[in-house]
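Quick notes on the structure that follows.
The values are calculated or read from the model by the stated rules, or taken from the named source; none is laboratory data. Given the structure is predicted, the values throughout are model-derived calculations rather than measurements. Because the Cβ atoms are built from the backbone with ideal geometry, glycine has one as well, and the counts that use them run over all protein chains shown.
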Amino acid sequence: MFTLRPMSLTQSQLAKSLGIHRSVISKLLNDPKSIRSSKKTRAAVYKLVKKSGYLEKFYQTKHHRSDERKKVNMQAKVDVILNDGAKYASGSVKIINISKSGALLSELKVKCLPVKPFKFVIKPQNAVCFEGKPTRIEMNGEVQFGISIVSKNGAQENCPKV
């Protein structure tokens, strides 16, 4: 048996140490309702995952983000841009959290959103402008948009040069 080290631990290593297939680990962590497994197997997986520290890293990347997000709660101006480059609407938004690869937006104030594909151009005061495509919408009492950042710091014509 090997030593469990959270930083280099893989699902394959977890599975090998329990004598099960890696897909069992993956399904139990990502979509537990999609797999039939005994209570004993589930308990063993969750116990090992917790003991190894793998869960801590797994939950840092909720929604399978590639980068950890930082809470910022920052107001910003926002433009809604269609894929052909036309400005559809302008308004304001609150950035709840942000990382190198994405952000969570709330309190979006624009007249309406297009039915066609679009992106947001976010212009925080005293911060770097960035563009992001919506990846999900959450509606837990308030509407929030998860976005994937596609460019930063004036990489596109929609962002003022910093």
Study note, to complete from the structure: Residue pairs qualifying under the 7 Å Cβ cut-off, at least six apart or on distinct chains, with the first in the stretch 95-114 being assigned by TED's automatic domain parsing to the domain that holds Val80 and the second being hydroxyl-bearing (Ser, Thr, Tyr), are Ile96/Ser106; Ser101/Ser66; Ser101/Ser148; Gly102/Ser148; Lys109/Ser92; Val110/Ser90; Pro114/Tyr88
Point to revise | Number of positions in the stretch 101-130 that are aliphatic (A, V, I, L, M), assigned to a loop (DSSP other than H, G, I, E, B), surrounded by 15 or more Cβ atoms within 10 Å (Cβ to Cβ) and in contact with a Gly (Cβ under 9 Å, 6 or more places away or on another chain) | key: 1
Practice item. Only residues that are among the charged types (D, E, K, R) and either within 20 Å of Gly141 (Cβ to Cβ) or not in a strand (DSSP E or B) (or both): list them for the stretch 81-100, please. Key: Asp84, Lys94, Lys100
Review point. Got at least one residue in the stretch 87-99 being modelled with pLDDT under 90 and out of contact with any strand residue (DSSP E or B) (no Cβ under 6 Å at 6 or more places or on another chain)?
Key: yes
